1. Please work out which residue is farthest from B:R307 (Cα to Cα), limiting yourself to the range B:556-569 and to residues that are in contact with a Gly (Cβ under 7 Å, 6 or more places away or on another chain) and not in a strand (DSSP E or B).
2. Are there any pairs, at least 6 apart or on different chains, whose C-beta atoms fall under 6 Å, with the first in the range B:461-477 and within 26 Å of B:G438 (Cα to Cα) and more than 14 Å from chain A (Cβ to nearest Cβ) and the second β-branched (V, I, T) and part of a strand (DSSP E or B), and if so, which?
3. If I go through the range B:438-460 residue by residue, how many of them are among the hydrophobic types (A, V, I, L, M, F, W, C), in contact with a helix residue (DSSP H, G or I) (Cβ under 7 Å, 6 or more places away or on another chain) and assigned to a loop (DSSP other than H, G, I, E, B)?
4. Which one of these is of a type in the set (G, A, S), crowded, with 16+ Cβ neighbours inside 10 Å and closer than 22 Å to B:D207 by Cβ: B:A252, B:A232, B:A262?
5. Would you check if B:D275 is within 12 Å of chain A (Cβ to nearest Cβ) and either surrounded by fewer than 18 Cβ atoms within 10 Å (Cβ to Cβ) or of a type in the set (V, I, T) (or both)?
6. Being surrounded by fewer than 16 Cβ atoms within 10 Å (Cβ to Cβ) and either aromatic (F, W, Y) or closer than 22 Å to B:L546 by Cβ (or both), is that true of even one residue in the range B:313-326?
7. Among B:W548, B:W625, which is away from chain A (no Cβ under 14 Å) and either touching a helix residue (DSSP H, G or I) at 6+ places or on another chain (Cβ under 7 Å) or not in a loop (DSSP other than H, G, I, E, B) (or both)?
8. Only one residue in A:V161, A:V152 is within 19 Å of the chain's Cα centre (by Cα), free of Cβ contacts under 8 Å to residues at least 60 places away in the same chain and within 14 Å of chain B (Cβ to nearest Cβ). Which one?
Amino acid sequence: MGTGAGRWGAMAVALAGALLAPLAAADHERTVHPLTHEFYFTRGMYSAGGGGSDDWGARWAVDYPKADHQFLIALKRLTGVDAYPSDNAIALAEARLRDFPFLYVLEVGSLLLTDADVKALRDYLAAGGFMVVDDFWGTAAWRNFEAEMGRVFPERAIVDVPMDHPVFHAYYDVREILQVPNVYQAGGGPTHEYDGYVPRVRGIFDDDGRLMVLVNWNTDLGDAWEWADSPDYPLRFSTFAYELGINFVIYAMSY
Amino acid sequence: MDAGTFADARLELALPLPALVALLVAGVLAALAAGGYLGRPRRPLLAVLRGVLAALLVLALADPVLVLPAPDAAAGPVAVLLDDSLSMGIADGAGGETRAVAAWSRFAPGEGPLMVELESRFPVQHLRFAAHPRPAGSEPPRADGAVSDPLGALLETGAGGGLSGVVLVSDGGQVSGRDAADAIARLRAAGVAVHAVGVGSGRPAPDVSLSVVQAPAVALVGDTLDLRVSVAGAGHGGETVGVTARDGGTLAGEAAVVLPAAGAAAAATVQVRLDEPGLRRIQVHAAPPGRDIVAGNDAAEVVVWVREQPVEVLHFEGEPRFEVKFVRRALTGDPALSLASLVRTGDNRFLRLGARDPRELADGFPDTAETLFRYHVLVLGSVEAAALTEAQLALVEAFVSRRGGSLLLLGGRNALSEGGHGATVLAHLSPVRLEPPGAFRAAVTATLTREGRAHPVTRDLEGRLATLPALAVVNPLRGPKPGARVLLQGDPGPGAGADPLTLLAWHRYGAGRVAVLPARDTWRWRMHADVPVDDRTHELLWRRLLRWLAREVPDPVGVTVHPAVAAPGQTVTVVARVRGPDFQPLPDARPEAALMTPLGDIHRRPMAARPGADAAHAATFTMAWPGLHPVEITAGEGEAAVAGRGAVLVTAAGEEFARAGLDAAFLERIARETGGSYRRLEDAAGIAERVAATLPPGEAWRRVELWNLPVLLLAVLALACAEWWLRRRRRLP
């Protein structure tokens, strides 16, 4: 979730994140999956840069774990995916990450990868892993993310994904890209944060033209998943977020 | 009639010799007495004249008959067939002479005692042969020393009419594959005995010979094939022979084989990589380690059809699975495999991947033979029994048993027993008994079985497997059916029982194959942290597995050619078994065979149905030119059109040198069954006598009555006149 709702809102969210993240991490430590399921919604844990307004602590854990749980409910309900019904957060540099070919990372505006993270992420994606990036807004966040991904794939550009790409049609036919606002902006008014006025779906492709990294910039699918059960959150946005997310999963499991 | 003829002559008389002597004495005495010569010694000359005259008359009365060899009368000619095929150029004579020279030195017209004897007693036709008999010296040596053909042709051409016998001088090369029984039967029926003279040694030495024992007829682009060769060496025991295989001049594989002692053969496998599509001529050559007197048997050639079009693979999953993604990635860039994936992503929702046209798989899993049988391999993943109708399950069975396709069963939560297939036809198709759903195994480590170490799918993976992560098995299977081959097995870990799990097994089912790979997530062999990013074991295993499953899957028209390697002048038979797109036999099809010569000419023949055969049709071609001759069979029109292909390789030497030794057994068989004789060249003396001995009585000799010879009458008259004149001169009465 972003910070465009204002200073107080941002502080409240930061406080909530600070309180919830250690609990989530502790919960993660207790979870050792026997890999009985086909799909695990795996959230990437990473280090974030300090200082400035992006100093949110455990930024990887924003919306965690409710967004994950709710997305999994929808995924199991709407598709035939044999999905593990709970969350699965793993540090990028952890070897176990390679047991899970689907990875969700968000709030990458302050992403700060260690050298171990860089190597782990490059190997993960080269081996066939698929990473969905979400919830970062504006030029500054983009620059940070682009710089960090440049360390992972110096030779690969991040490019727009055309609307006729299979990722938009793997399960649902998605014909336009909506800007999904955070929960505080969903009630009306501007949906953007910072200068992220136009939502983009961009990607990094491998040598065979397959998507390795799918970047949702200037949009916040995670909040829509998390707050879809709220009567105040517009169905239009949550429906779009779930459709797009399910497409990402089906694509990641098939291409 | 020369002196030789009389040397064999004998005199026959109507009277026994003692009676003749008695008659002679009596006659002479009576004549002398009648002439008044007895008791008058002063007339000895007259007495001699009278005595000789009387003796001649008595002899004439004894009906003397001179029995002579019959050179040109009742006995017909003898055909001397001299083998001048290429194998006769082998220099395995005692003095290093070639077989042709050795044979010619004894059987050249008018040369040597054997031919002198033969020609003195019979009119002789000198013929040489490679594939067909012809007058000696008319053509250079030719390939294909098929002995049975010239013998049969001898009777057909008329040269064999009235033959007294055949002297066959040959090394017994019988390479055409045509049965000599027919020629032998016809010779026997014609009463013509074959007297065979064997030339050459049974096992030339020093020599290395190579033959291809087993070679696939069809391959895919990029395949590595196993060519099974046999290498034999005489005089090279214990030495190492290098074997190379070349595809169009490019080195495609090599192996080394140590020759056993005593000329025994050693088997070797040459792995040949084929990267170019089309009909490929693979030349396999053994490099002799030293002197080699038969160069012609060092090499062999086979034709492999490398499919120009990729084979079709259908992967059906009943739920989204990472296996789909990673299998597709493993096959990306493989020019030989076209993978269509059908994934049921949700209720009545299917994701199609790799479909070639909008209609393909648009209605889900195929429900007709025509739509399913277009594929060569069917991969069934986590698909529960209820996802397929009874008719679709029956089609799957027919896909394997009738179409000859390959079925690969994967593991998964809805696969095999866990998917309710213990009660469907998949339980019959599976090479492993489907057990009741068992405990989930999270970590099964794969190991190669003994069979797996030699199998083309899994060989040389042992080292790699040891470093690969364990797999999850949802469908624990343990009991391979009789006849199943287990290539990979899994250690389920502590407390899971002593018996290993089956991880990869296959067996034949009807015309096709069924394999089972019950692991749920082979993708871990690509993705896991223990696997280096550049490791390609997962890709290698899947490509090998699907290629191997697809390679022998037949086309609707199955084509076989007999023989596949022929010599110029040889007749080959092309046989096609024609089936429709649903792979039901089409006995009423009217296929056409088109053979293309190396010159680009196309010879078309309508193929005739073979009575009693299952939709088999045949056509014959006589091969004229060396080189590769593609054969294409077509039948039907429009969407019902089907096609198949084969090839004939015509080589100058054919396979003549494949068995370069003297085939004494074959020559003995011809001689024995036609009533003739067999000798080695060194022991061929008396051939004329043996020919004569096999003729019917009275046909070998002619009888010359002597009593009415003019010379006898003249002698009698001369003696009588001489006596009369002398008596007149001496004024005797």
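The values are calculated or read from the model by the stated rules, or taken from the named source; none is laboratory data. Treat the numbers as computed from the prediction; the structure is a model and nothing was measured. Counting neighbours? That spans all protein chains shown, and the Cβs are built from the backbone with ideal geometry, glycine included.
1. So, considering only residues that are in contact with a Gly (Cβ under 7 Å, 6 or more places away or on another chain) and not in a strand (DSSP E or B), the one farthest from B:R307 (Cα to Cα) is B:A567.
2. Between residues of the range B:461-477 that are within 26 Å of B:G438 (Cα to Cα) and more than 14 Å from chain A (Cβ to nearest Cβ) and residues that are β-branched (V, I, T) and part of a strand (DSSP E or B), the close pairs are B:L477/B:V432; B:L477/B:T502.
3. Within the range B:438-460, the subset among the hydrophobic types (A, V, I, L, M, F, W, C) is B:439-440, B:442-444, B:446, B:448, B:454, B:457.
Filter once more, keeping what is in contact with a helix residue (DSSP H, G or I) (Cβ under 7 Å, 6 or more places away or on another chain): B:446, B:448, B:457.
With assigned to a loop (DSSP other than H, G, I, E, B) added as a condition, the list becomes B:457.
Within the range B:438-460, residues that are among the hydrophobic types (A, V, I, L, M, F, W, C), in contact with a helix residue (DSSP H, G or I) (Cβ under 7 Å, 6 or more places away or on another chain) and assigned to a loop (DSSP other than H, G, I, E, B) number 1.
4. Working: B:A252 fails: closer than 22 Å to B:D207 by Cβ; B:A262 fails: crowded, with 16+ Cβ neighbours inside 10 Å.
Step by step, each of B:A252, B:A232, B:A262 is checked, and only B:A232 is of a type in the set (G, A, S), crowded, with 16+ Cβ neighbours inside 10 Å and closer than 22 Å to B:D207 by Cβ.
5. Numbers: within 12 Å of chain A (Cβ to nearest Cβ): no; either surrounded by fewer than 18 Cβ atoms within 10 Å (Cβ to Cβ) or of a type in the set (V, I, T) (or both): yes.
No; evaluated as a whole, the condition is false for this residue.
6. Restricting attention to the range B:313-326, the residues satisfying the condition of being surrounded by fewer than 16 Cβ atoms within 10 Å (Cβ to Cβ) are none.
Checked the range B:313-326: no residue is surrounded by fewer than 16 Cβ atoms within 10 Å (Cβ to Cβ) and either aromatic (F, W, Y) or closer than 22 Å to B:L546 by Cβ (or both).
7. Details: B:W625 fails: either touching a helix residue (DSSP H, G or I) at 6+ places or on another chain (Cβ under 7 Å) or not in a loop (DSSP other than H, G, I, E, B) (or both).
Unique residue meeting the criteria: B:W548.
8. On the way: A:V161 fails: within 14 Å of chain B (Cβ to nearest Cβ).
Exactly one of A:V161, A:V152 is within 19 Å of the chain's Cα centre (by Cα), free of Cβ contacts under 8 Å to residues at least 60 places away in the same chain and within 14 Å of chain B (Cβ to nearest Cβ), namely A:V152.
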